[in-house]
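A.B. asks: To start, I am sharing the structure in question, which I have written as structure tokens.
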């Protein structure tokens, strides 16, 4: 009886090897994940800021080249390096953190060019409005992380949005640009 079960198992191994891989779940590592923005300041300089509190997950199926990213950002954790500017950014003029404490990105598609991840499309919820956004992948890879002893996947992504589409209009009538560059570095550990 054991011999029959063993022979059946050995015979089934080639079939098991051809089954499609299942998507794995990865938890975003806040220490290696950054969400930043850049906006021109009257052609003289570039205002930059980042959000210090973020969390989320990545579901990724390497074989199928499919995935889903969910990233949540605490809007009140904005940090421009200038406390007075941070206070203004938190008001209703910009991020309105009292009324809209969370910024959320949920992807719906990973787009590949051969084996290279080209872009991630999804929806960005900001100020209570949700609109499509596309992040271009500057780089992306998965590797065995020696520190946490599990696989890590991560990359560097960039998108450009028109902030007025989400209702962030302050300063446009004074000549401040509508276009904002968003940079997202994400690294996540397999669970």
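The values are calculated or read from the model by the stated rules, or taken from the named source; none is laboratory data. Remember, it's a predicted structure, so these values are computed and weren't measured experimentally. Methodologically, a virtual Cβ is constructed for each residue, glycine included, from the backbone with ideal geometry; neighbour enumeration extends over all protein chains shown.
A.B. asks: Residues that are in contact with a helix residue (DSSP H, G or I) (Cβ under 9 Å, 6 or more places away or on another chain), closer than 20 Å to residue 37 by Cα and either surrounded by fewer than 16 Cβ atoms within 10 Å (Cβ to Cβ) or free of Cβ contacts under 8 Å to residues at least 60 places away in the same chain (or both): does the stretch 144-154 have at least one?
C.D. replies: no
A.B. asks: Taking the condition outside any loop (DSSP other than H, G, I, E, B), more than 14 Å from the chain's Cα centre (by Cα) and within 24 Å of residue 59 (Cβ to Cβ), does residue 153 pass?
C.D. replies: The answer is no for residue 153.
A.B. asks: Quickly run through the stretch 163-177 and pick out the residues that are farther than 10 Å from residue 40 by Cβ, under 27 Å from the mean Cα position of the chain (by Cα) and part of a loop (DSSP other than H, G, I, E, B).
C.D. replies: Passing the criteria: 167, 168, 169, 170.
A.B. asks: Give, as residue ranges, the strands (runs of 3 or more DSSP E) completely inside the stretch 35-132 that count at least 3 residues that are out of contact with any helix residue (DSSP H, G or I) (no Cβ under 9 Å at 6 or more places or on another chain) and surrounded by 13 or more Cβ atoms within 10 Å (Cβ to Cβ).
C.D. replies: Ranges flagged: 54-61, 66-74, 102-113, 116-126.
A.B. asks: List the number of the failed condition for residue 110; all other conditions in (1) modelled with pLDDT of 95 or more; (2) closer than 23 Å to residue 163 by Cα hold.
C.D. replies: The number of the failed condition is (2).
A.B. asks: Moving on. Just one of the numbered conditions (1) under 19 Å from the mean Cα position of the chain (by Cα); (2) in a strand (DSSP E or B) is not true of residue 31; which one?
C.D. replies: Evaluating residue 31 over (1) under 19 Å from the mean Cα position of the chain (by Cα); (2) in a strand (DSSP E or B) leaves (2) as the failure.
A.B. asks: I would also like to ask the following. Is there a residue being within 25 Å of residue 142 (Cβ to Cβ), touching a residue at least 12 places away in the same chain (Cβ under 8 Å) and touching a strand residue (DSSP E or B) at 6+ places or on another chain (Cβ under 8 Å) anywhere in the stretch 35-45?
C.D. replies: Within the stretch 35-45 (the criterion being within 25 Å of residue 142 (Cβ to Cβ), touching a residue at least 12 places away in the same chain (Cβ under 8 Å) and touching a strand residue (DSSP E or B) at 6+ places or on another chain (Cβ under 8 Å)), the answer is yes, since at least one residue qualifies.
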